[in-house]
1. Residues that are buried (at least 24 other Cβ atoms within 10 Å of the Cβ), on the phi < 0 side of the Ramachandran plot and of a type in the set (D, E, K, R): does the range 314-330 have at least one?
2. Would you list the helices (runs of 4 or more DSSP H) that sit entirely within the range 319-431 and hold 1 or more residues that are more than 27 Å from the chain's Cα centre (by Cα)?
3. Inside the range 450-470, can you point out the residues that are assigned to a strand (DSSP E or B) and within 22 Å of G422 (Cα to Cα)?
4. Out of T313, T318, T381, report the one residue that is within 16 Å of the ligand (Cβ to nearest atom) and hydroxyl-bearing (S, T, Y).
5. Which one of P108, P80, P124, P132 is at pLDDT 95 or above and either within 16 Å of the ligand (Cβ to nearest atom) or acidic (D, E) (or both)?
6. Working only within the range 66-80, note down all residues that are more than 30 Å from F521 (Cβ to Cβ) and not hydrophobic (A, V, I, L, M, F, W, C).
7. Pick from the range 135-154 the residues that are hydrophobic (A, V, I, L, M, F, W, C) and outside any helix (DSSP H, G or I): which of them is farthest from the ligand (Cβ to nearest atom)?
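The values are calculated or read from the model by the stated rules, or taken from the named source; none is laboratory data. If you're wondering where the values come from, they're calculated on a predicted model, not measured in any experiment. In this analysis, Cβ positions are derived from the backbone assuming ideal geometry, glycine residues included, and neighbour counts consider all displayed protein chains.
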Amino acid sequence: RGLMLDVSRHFFTKEFVKKQIDALAFYKINRLHLHLTDAAGWRIEIKKYPLLTEFAAWRTDANWKKWWNGDRKYVRFDEPGASGGYYTQDDIREIVEYARQHFITVIPEIEMPAHSEEVLSAYPQLSCAGEPYKNADFCVGNEETFTFLENVLTEVLELFPSEYIHIGGDEAGMAAWKTCPKCQKRMKDEHLSHVDELQSYLIHRIEKFLNARGRRLLGWDEILKGGLAPNATVMSWRGEEGGIAAVTSGHRAVMTPGSHCYLDSYQDAPYSQPEAIGGYLPLKKVYAYNPVAASLSAEQAKLVYGAQVNLFTEYVPTPEHVEYMLYPRTLALAEVAWSAPERKSWPDFHARALKAVLDLQAKGYHPFDLKNEIGSRPESTKTAAHLALGKKVIYNAPYSLHYPAQGNTALTDGIRGDWTYGDGCWQGFINGKRLDVTIDMEAETSIHSVTAAFMQVVGAEVFLPASVTISISDDGINFTELKHQTFEVTKEDPIKFTDISWEGNAQGRYVRYQAQAGKEFGGWVFTDEIIVK
Ligand code: ACM
């Protein structure tokens, strides 16, 4: 029953972590996974590599978004304006011991081979380029990389008695490996045919190192790439597939799919919330999660060792905001992992969560104000009634197979999306960055309006259209334009929903709706229904 807290994107003090341990223990979370290293700052003292905390722990701007969209540079701790921090080894011992007294095991995460810009700025010889600010991935061809990682892990193992050591493993770009002479030599020497196998080579070696010291390797589901290390445990975040693949091959898994477990998502109607990275994960959806997929056998189910919620903190700069994102959703996860599914009751849990919010407030925490929750996008809670319902949609530009919603019928089935494009009800378009569909009304029809909803989620490269054209035709070939309008798209609204309509009087059999994303930003176009009245 885990919680992951990202202390790299924003650093949170030892005192704050201990305060969370009090609450986590009270609600029966028993693993605290600390995401200690990432591009935004290295957060743990390592005696052998002082630059990690003199330099790689400090950045030029406290505001992650400004820094990430700006220079992404690091500075020495003693330079004016340096922003960051880290836990000394004594701090770590204190946190680990405090957690132990509260029956919580702290699991450290040291990212490799990717998400390591901060290390490679301090020790550029460990990167393929050999220079700072060029690579995010360690050079796997360089033996010094292994010396470094093993030295770091040696100190980490002394501090953390946990059985599991998380080595990251997610989102390696691998591009530099393809041309780096050292990586290429390693691939040749080890008979590796793909860079995925180079990542797997690193994970296997690190696993041997950990196993020899009595520990188990835990990593994000990308550690499956190129072949899973023999004893590795997979933390499944890109959906459940990675966890299912792990347990069906006899490995352990911890389930933490983005759909149900990523607390950096909005927990209520986005317009009512502080900016989040995107998504929509209300309390009810966390509570509805079942970490044991229906497809698993009883034997495989035993290999699902737990479930976890994660709070990545790019958009979560303050301690109060962390608490706001954690509670009460973390309570739902604790119960999901603690209770047999048939014993769960949403009304019962919801009533207790309302009370828990009051209790948490009384104890000085800053939970989300559950009693004033707005809830789902109203359109998503009922079937849309309109003239095109059930009518055939001709795709002049294809939808993305990553976001098909209900496929060819999605835009005329009356099913509307909720506050996130990832809910399976929004259809996504990336090919040509445009929506272009024709609806066959089957007969000449008098129409008075045509409407589609669009969303913008800047952090996910989803944008409102820069232009929309709505037209009508009797034969499906010759169209008369009813409306053509261009829009100024800006990044000012991080998340926004807009209906774009034509209204008037027209007659025809075929209705065409075109929406084009702008050139400057590009990205995705999402809609959920073409409503004809
Ligand atoms: C992850 O969210 N990159 C594990």
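1. Yes: one or more hits.
2. 346-362
3. First pass over the range 450-470, keeping only residues assigned to a strand (DSSP E or B): 450-457, 462, 467-470.
Once the filter is applied, which keeps residues that are assigned to a strand (DSSP E or B) and within 22 Å of G422 (Cα to Cα), the range 450-470 yields T451, A452, A453, F454, M455, Q456, V457, V462.
4. Values: T318 fails: within 16 Å of the ligand (Cβ to nearest atom); T381 fails: within 16 Å of the ligand (Cβ to nearest atom).
Selected residue: T313, the only one of T313, T318, T381 that is within 16 Å of the ligand (Cβ to nearest atom) and hydroxyl-bearing (S, T, Y).
5. Values: P80 fails: either within 16 Å of the ligand (Cβ to nearest atom) or acidic (D, E) (or both); P124 fails: either within 16 Å of the ligand (Cβ to nearest atom) or acidic (D, E) (or both); P132 fails: either within 16 Å of the ligand (Cβ to nearest atom) or acidic (D, E) (or both).
Within the list P108, P80, P124, P132, the selection yields P108.
6. Here is the first cut: in the range 66-80, the ones more than 30 Å from F521 (Cβ to Cβ) are 75-80.
Those that are more than 30 Å from F521 (Cβ to Cβ) and not hydrophobic (A, V, I, L, M, F, W, C): R76, D78, E79, P80.
7. Going through the range 135-154, the residues hydrophobic (A, V, I, L, M, F, W, C) turn out to be 136, 138-140, 146, 148-149, 152-153.
Still in the running and outside any helix (DSSP H, G or I): 136, 138-140.
Working: A136: 12, F138: 17, C139: 21, V140: 19 Å.
Across the range 135-154, the extreme among qualifying residues is C139.
Okay, residues lined up against (1) free of Cβ contacts under 8 Å to residues at least 60 places away in the same chain; (2) hydrophobic (A, V, I, L, M, F, W, C); (3) surrounded by 12 or more Cβ atoms within 10 Å (Cβ to Cβ):
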position: L333; (1), (2), (3): no, yes, yes
position: W338; (1), (2), (3): no, yes, yes
position: S345; (1), (2), (3): yes, no, yes
position: L354; (1), (2), (3): yes, yes, yes
position: Y365; (1), (2), (3): no, no, yes
position: K371; (1), (2), (3): yes, no, no
position: I374; (1), (2), (3): no, yes, yes
position: P378; (1), (2), (3): yes, no, no
position: K382; (1), (2), (3): yes, no, no
